[in-house]
Amino acid sequence: NAVMRGISPEGEHLVPALPYTSYAHMKPEDVLDIRAYLATLPAVKSPEREAEIPAAPLLRRGIGLWKWVGLDTTPWKPDPAQPDSWNRGSYLVNGPGHCQECHTPRNAFMALDESKAFAGGPHPEGKGRVPSLRGLIERGRYTDAADIASALQYGETMGYEKIASGGMGQVQRNISMLPEDDIKAIGEYLASLK
């Protein structure tokens, strides 16, 4: 519920500090696999403390209304017209990768504007813009899907300038740890965005 719906164990609406709006599209078994992995890690001792959120009960009610208006919980579904690798890339980008959270602008309700999916928008930290992921090949940014995959795998160390800008450095490092087939699938999917 926390990861896919933004609901606490007490049934309260969680502030979307984690991208549950994208994780809502994940397969429940993948979320449970992540939970099982996390359970194998040593616990971190940290005192519990109340969130420093002004008017938290009112804010949580507002988040509930926002979810009602803008939280799409439709499970991700493969496109039967596309190859398995493209569908794998689509799943990774739209679910666990949560790429739209930054690369898609938001509407008046602060929900993702799906009509402009991956078209770029204001940077979430308020400084500058996040670039569009549409037409990466057509705009001359990359030569093909394999080139996009190489950029994600090797980053600026292999001459892919600016891939680490605006916070993407950590994202690129994390993607580089994925299995090579997954990186290629992400490249294939991103190459298809027009």
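The values are calculated or read from the model by the stated rules, or taken from the named source; none is laboratory data. This structure is a prediction, so every number in the text was calculated from the model and none was measured. Note that we place each Cβ from the backbone using ideal geometry, even for glycine, and neighbour counts take in every protein chain shown. Quick note on the areas: whole protein, heavy atoms, side chains included, nothing else; ligands and nucleic acids left out. Shrake-Rupley method; radii C 1.70, N 1.55, O 1.52, S 1.80 Å.
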*Counting only residues 5 or more places away or on other chains, whose amide H sits under 5 Å from the amide H of residue 7 once H atoms are built in the peptide plane?*
2, 14
*Taking all pairs of distinct alpha-carbon atoms in the range 136-194, Kirkwood radius in angstrom*: 11.3
*At a probe radius of 1.4 Å, what is the per-residue accessible area of residue 162, in Å² to the nearest 10?*
150
*Quick one: angle between helix 56-70 and the longest Cα principal axis of the chain, in degrees between 0 and 90, rounded to 10, please.*
40
_Largest-first ordering by accessible area, 1.4 Å probe, given options 147, 33_ = 33, 147
*So, counting K/R as plus one and D/E as minus one, what does the shell of residues with Cβ under 14 Å around residue 30 add up to?*
0
_Compute the helix-to-body angle for 84-94: its Cα long axis versus the longest principal axis of the chain, expressed 0 to 90° and rounded to tens._
40
*In a Gaussian network model over the chain where Cα atoms closer than 10 Å are linked, find which of 183, 137, 53 has the largest mean-square fluctuation.*
53
*So how much slack lies between residue 156 and residue 12, counting 0.36 nm per residue of separation and subtracting their Cα-Cα distance, in nm?*
47.6 nm
_Given a 1.4 Å probe and heavy atoms of the protein chains only, how would you sort 188, 101, largest accessible area at the top?_
188, 101
*Quote the FRET efficiency, to the nearest 0.05, computed for residue 178 versus residue 127 with a Förster distance R0 of 41 Å and r equal to the Cβ-Cβ distance.*
0.90
*Quick one: work out Rg over Rh on the C-alpha atoms of the range 103-166, Rh as Kirkwood radius.*
1.03
*Once the whole set of protein chains is in place, how much accessible area is left on residue 110, using a 1.4 Å probe, in Å² to the nearest 10?*
110
*Note down the magnitude of the dipole of the range 74-133 about its Cα centre, charges +1 on Lys and Arg C-beta and -1 on Asp and Glu C-beta and zero elsewhere, to the nearest 20 debye.*
140
*Roughly speaking, what is the stretch gain from residue 68 to residue 115, that is 0.36 nm per residue apart minus the C-alpha to C-alpha distance, in nm to one decimal?*
15.0 nm
_Rg(Cα) / (2.2 N^0.38 Å) computed for the range 1-95, rounded to two decimals_ = 1.31
_Take the residue pairs 45/127; 116/162; 162/194; 45/116 and return only those whose Cα atoms are more than 32 Å apart._
45/127; 45/116
*What ranking, highest mean first, results for peptides 22-29, 38-45, 78-85 when packing means the other Cβ atoms within 10 Å averaged over each residue?*
22-29, 78-85, 38-45
*Tilt of helix 145-154 relative to the longest C-alpha principal axis of the chain, in degrees (0 to 90, nearest 10)?*
60
*For residue 84 paired with residue 164, estimate the spin-label separation in nm (one decimal), with each label point 7 Å from Cα along the Cα-to-Cβ line.*
3.6
*Ignoring ligands, DNA and RNA, what percent of the accessible area of the range 1-130 is carbon or sulfur (1.4 Å)?*
60
